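Everything below concerns the one structure shown next.
Read-outs: derived from the displayed coordinates by stated rules, not from any lab. Since this is a predicted model, take the numbers as computed values, not measurements. Here the Cβ positions follow ideal geometry from the backbone for every residue, glycine too, while neighbour counts run over all protein chains shown.
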Amino acid sequence: MSELKIEKVWKEYGDQIVLEDVSLTVASRAFVALVGPSGCGKSTFLRMLLGQEQPTRGTILLDGAPLPLEPGADRGVVFQRYSVFPHLTALGNVLLGKELAASRYKARLFGQARRSAIDEARALLAEVGLAGAESKYPAQLSGGMQQRLALAQALIIRPKVLLLDEPFGALDPGIRAEIHTLMKRLWHETQMTVVMVTHDMREAFTLATRVVAFERRRDRPEEKERYGATITKDISIWPPRIAGTASIFGPDRDGPVSSLGHRRDDLAPSGDF
Ligand SMILES: Nc1ncnc2c1ncn2[C@@H]1O[C@H](COP(=O)(O)OP(=O)(O)O)[C@@H](O)[C@H]1O
Ligand SMILES: [Mg+2]
């Protein structure tokens with residue numbers, strides 16, 4: 001189980017209202033794509049789910065319990081860039097994900113625990129297509145490989161919720177398509193609930209079970225500070241995608257039409273994404 005319940009959440013920075021009255025229930029094992037114009041508070045929302053930021057008002061529940069006040073092993077995160085540490089090898093980066101979760105104060109594992117963590121990290125690197133790159137440093141890896149590494153680093157703690165902030169936005173289209181296939185497989189094979197911010201509607205409709213748009217209802221310059229963004233569209237993908245059901249007999253389809261029967265391009269809320 002990994003249900004997220006966001007209830008009447010507001011986020012303000014000083015006088016600026018960034019998000020207002022956001023309520024959203026994300027079912028266990030859903031894959032939600034979050035879209036919206038730049039600056040509307042998508043990353044802020046994701047940081048609240050991570051526990052890096054607190055809502056000004058409202059509550060966030062994970063499986064019915066208030067979200068812990070800081071990031072924890074139940075939530076993993078991948079950013080567009082800089083999720084991995086440049087001075088650690090690929091294996092070191094994945095191990096660090098494990099070590100940080102195992103011990104908050106001394107980020108080291110010893111003996112048998114360390115050996116089994118190394119085995120697990122190697123297996124996960126192979127799983128994301130990085131077998132053979134264990135001893136390479138991030139600077140020696142392509143952008144796509146670095147994001148695969150960032151995924152492995154987030155996944156080693158087996159998070160209940162995986163948070164992705166435009167993780168594939170900087171990748172070339174061919175590489176992005178490959179990593180989409182990987183992402184889908186990981187989502188099907190694990191128990192995770194995924195919330196992914198993207199500015200790419202095609203990506204949203206390729207991966208998600210549900211596409212949620214944030215927008216300010218009023219966006220005149222003099223109104224900007226006083227009105228935050230909120231959910232303006234909430235579209236369930238049709239036909240429904242269900243985690244764990246893709247197989248060679250019923251492969252997941254790319255590019256479904258939405259339940260509204262629109263073409264994808266028509267669904268883009270106004271904005272610069
Ligand atoms: N730590 C912060 N302090 C003050 N303002 C912030 C902070 N983080 C984000 N903001 C503001 O909140 C708004 C939303 O930012 P962000 O969540 O990054 O938007 P998005 O990810 O949708 O582009 C922006 O106006 C930004 O300047
Ligand atoms: Mg952002």
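Helix 173-189 and the long axis of the chain differ in direction by around 80°, with both axes built from C-alpha atoms. Of all beta bridges that DSSP places with both ends in the chain, some 55 percent have antiparallel geometry. Axis angle, to the nearest 10 degrees, between helix 90-102 and the longest C-alpha principal axis of the chain: 70 degrees.
By the Stokes-Einstein formula, at 0.692 mPa s and 37 °C, the range 86-144 with its Kirkwood radius over alpha-carbon pairs has D equal to 277 µm²/s. Taking the Cα centre of each part, how many Å lie between the range 147-197 and the range 24-100? Cα centroid of the range 147-197 versus Cα centroid of the range 24-100: 12 Å apart. Considering helices alone, the calculated mean residue ellipticity of the chain at 222 nm is -9000 deg cm²/dmol, with DSSP H runs of length four and up weighted by -39500 (n - 2.57) and normalised per residue.
Based on alpha carbons, the Rg and Dmax found for the chain are 18.8, 61 Å.
Considering only LEU109, SER142, LEU96, the residue lying farthest towards the positive end of the dipole of the range 86-144 is LEU109, judged by Cα position with unit charges set on Cβ. I'd like the orientation of helix 143-155 relative to the chain: the angle between its Cα long axis and the longest Cα principal axis, in ° from 0 to 90, rounded to 10. In the chain, helix 143-155 runs at an angle near 90 degrees to the longest axis.
Find the lysine pairs in the chain meeting two conditions, Cα atoms under 15 Å apart and a separation of 8 or more places or different chains, and report how many there are.
Values: LYS5/LYS160; LYS11/LYS42; LYS11/LYS224; LYS42/LYS233; LYS98/LYS106; LYS98/LYS160.
Here the count comes out as 6.
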